[in-house]
Each structure stands twice: as C-alpha cells, then as structure tokens.
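First the structure, in the form of structure tokens, and then the observations on it.
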C-alpha cells in the first residue's frame, strides 16, 4: 500500500506547488519520496527473506508526517479544490500510516518460501 501512497503523495505535492500551498507540497513530495524508497527497499529485503520492519516504520512515519502537515494546514486553505485535495491526501496518508503500523503489530509480512537469510 505504501508504494501507491508514495506515488500519490509525490503527485499531490506537485499539484500543491501549482496551487501555491508550498508547506504541504514540500512535505508531500519529500515524505512521499521517502516512503517510495523505503517501500522498494522493504520489498527487496522481503524477497531475500529478511526483516523489513525498519522500512515499514519509516513509511509509517512519513505517512504520519504528511497527515499531520495536511491537517494543520486545513484551516488556512481557501477554495474547494485545494481543500478537497488536502483532505484526500491527509486521509490517504492516515490510512497508509495505520496500515504500516498494523503490519508491524501483526508480525510483518510472511517471508517468501525458501531459505531464510542469515
């Protein structure tokens, strides 16, 4: 789920730059890119039967930061389109953070069948 979130966050951040909402834009782009990188590294670690908890928690923290920034900016946003985009981004980020935390609490993803990495 964090790969689509990261991509949506980066694209949303670019849209917010064009809407002159630079605080949300910068946070969304940086945190989205961080989440994308962490997700790809997590996937590679998982394919090697390794522990990807650190990467999952990194994605959760990135998503939580986007949620916090977007929610804090809501009172100052003028216009239905920017407000709606901020709410959508905050909602998606909150869902991604919750998913990551649930994944870690549930024990993570089961490793692929095969020999465990040492």
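Just so you know, all these numbers are worked out from the coordinates, no wet-lab data involved. A quick note: this is a predicted structure, and the numbers were derived from the prediction, not measured. As a convention, Cβ positions derive from the backbone with ideal geometry for all residues, glycine included, and neighbour counts pool all protein chains shown.
In the chain, the longest principal axis of the Cα atoms and the axis of helix 53-73 are about 10 degrees apart. A Cα-only calculation for segment 67-110 places Rg and Dmax at 13.8, 45 Å. In segment 2-105, one over the average inverse separation of all distinct C-alpha pairs is 13.5 Å, which is the Kirkwood hydrodynamic radius.
For 47, 78, the sequence from fewest to most other C-beta atoms within 10 Å is 78, 47.
Percent relative contact order of the chain, based on C-alpha pairs within less than 8 angstrom and at least six residues apart?
Over the chain, the number comes to 29 percent.
By how many degrees, 0 to 90 and rounded to 10, does the Cα axis of helix 2-18 deviate from the longest principal axis of the chain? The helix 2-18 is inclined about 20 degrees to the chain.
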